[in-house]
Structure formats: C-alpha cells, structure tokens
1. Sum up the charges of everything whose Cβ sits under 9 Å from the Cβ of Leu48, counting Lys and Arg as +1 and Asp and Glu as -1, but leave Leu48 out.
2. By how many nm would the segment from Ser45 to Thr160 grow when fully extended, if each residue of separation counts as 0.36 nm and the alpha-carbon distance is taken off?
3. Under a plain spin-label model, where a point goes 7 Å from the Cα along Cα-to-Cβ, how far apart in nm are Met70 and Asp56?
4. Give me the net charge of His234's neighbourhood, meaning all other residues with Cβ under 14 Å from the Cβ of His234; Lys, Arg count +1, Asp, Glu -1.
5. Give me the distance in nm between label points sitting 7 Å out from Cα along the Cα-to-Cβ direction at Lys244 and Tyr99, one decimal.
Amino acid sequence: MSKSASKLKRESEKAQRLAKQMQQTQQKSASQPETTNSHSDLSASGVLTSQPMSRDLRIEQYTLSFHGRMLIEVSEKNERSSNMRKYKATVELNHGQRYGLLGANGSGKSTFLRSLAARDIPFPAYFDIFLVNEAAPPVDISALDYIISEARSKLAAVETELEQLLTKENGATSGETASTSKGQKGKRGTGGNGGIGGNDFNEVSSDALMDELVERMAELDSGTLEARAANVLHGLGFSAARMKMPTKEMSGGWRMRVSLGCALFLQPTILLLDEPTNHLDLEA
C-alpha cells in the first residue's frame, strides 16, 4: 500500500471515529425531554423568486407561525377604515450584505433563523447555510478536530451533491439522445425545436451549479484542512495547546468560539448568527 493510500485510510478511520463520537453525543441530547422549541411546531410558507443561480435570496408571500401563532406577516391599516389588513411578508437577503434582526423578546427572531437554516422554504442546492445558535458540545473531541470533522462532513455533502448532479446530467443526456433519434425516425414538422424542448435554461443552470460545487470542493480541500482550521482558531485566541484540548474541558465561552470557528472556516453562502456573543467575555 502506498504512503498516500495509507494516509487516506488513516484519515478516513479518524473521521469515522470522530463521527461516531459526535453521533453518540447527539443521541444523548435527543434522549432528553423535548422542549417547546421543537422544529416540528414550526410552519413556514413562501415563494422563492430569486433569479436562477443568483447569490441573492428573495422569498415572497412569506409567513411563519409557531404553535399556531403567527410570528411573521405584514399588517397595514386600511385608509378607508380602522381595520388592519394583513399581508404576507417578503424576505430579501442580498449577497455580501450584513443584516441585523431586531425585535422584542419572544417575537420569533430565533424561530425565524432556525426556520431558514432548516430550509423550510426550499433553497437552491448551491445555497449552503450555517446557523450558529449555541456553543460546541462538551465532548472528548478537541477544538481542532471538531472543526475538521464539521468540514469533512460538509465536503462529503458537497461531493454527494456533485455526484447526484453528474448522474442526473448523464441520464438527461442519454434520454435526450434517445428522444432525438426517435424523433428523427418518426413524424417530421411537429415542432421547431428539434427535441430541445426549451431545456437550454436548465442546462445553463446545471453547468453553473456544477462549477459552484467544484469550487466549493476546492475551498474544502482535505489536504489543507488542519492547517487552515488551526489558523482560524489562532485568530480566535486559541493557543496551540488549547486547540488540542477536548471541548468538554472548556468553558462555555471557549466552546462558543469553537462554533464561531466552524462558521468562519466553512464560509457558507448564508451565515446566521443567533446571539453569538453569549458566554463570551469582553475581550472575545
């Protein structure tokens, strides 16, 4: 076995061990009594109206309810009467912009962010979303390994999306070839598109999506994960020794920095921060 193959095997085994530890932690959390913040109690509706392959996000006719109570909608007073007219809201997030979410306690800010992160309104596949709403869990995994594990999980998800897209592309190409051949042997003059059927737009979108996924894989290059993760943690105030410390031995503030480190490392299309300064001291 070559050195590179041995290294890949060791990395794979390490990733599997980390994933198993994370799964055990999640199972312990799942065994706790369910709180009233269960995502199953959410109900969101809306229409995605963003342009294809745009990095901007626009959702029209948006509403959000929790336990049957409407949290997000637009009310406007009717000029001809004292009655309030209710409208569905519009959610618009433009690429490269930072937004602050203001509202009274209990008004649904956290619920709204969780709904977006859960893709209750289906986003395009190239939109990756990361929500930071709590500190990293207190487990036996070090801060460095935690971020690397999250990055590898993301890389695996991107690879899966790319494989599915390639399979879909190959299937569509085969189907189009068969359809064109059949059309040439059958009746003529039944249309002017020669079997294209208006699929040019879908082909362009698929090509652009494939380019986006390939670029994302390059950003998550497994060969440089550890060095880049260490660089991110160093920027958040971690010493070399603290990077290798299990998160279960860290305070809530340091574990929150680990969560922020994941977000900074992954650089998602949409980053959602729900009270990210919780547990942090003034210096942090």
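Readers should treat all values here as calculations from the given coordinates under stated rules, not as data from a laboratory. The model shown is predicted, which means the values in this text are computed figures rather than measured ones. No Cβ is skipped: glycine too gets one built from the backbone with ideal geometry, and neighbour counts run over all protein chains shown.
1. 0
2. Taking Ser45 through Thr160 to full extension adds about 38.6 nm, to one decimal.
3. Output for this residue pair reads 2.8 nm.
4. Taking every Cβ under 14 Å from that of His234, the sum is +3.
5. 4.3
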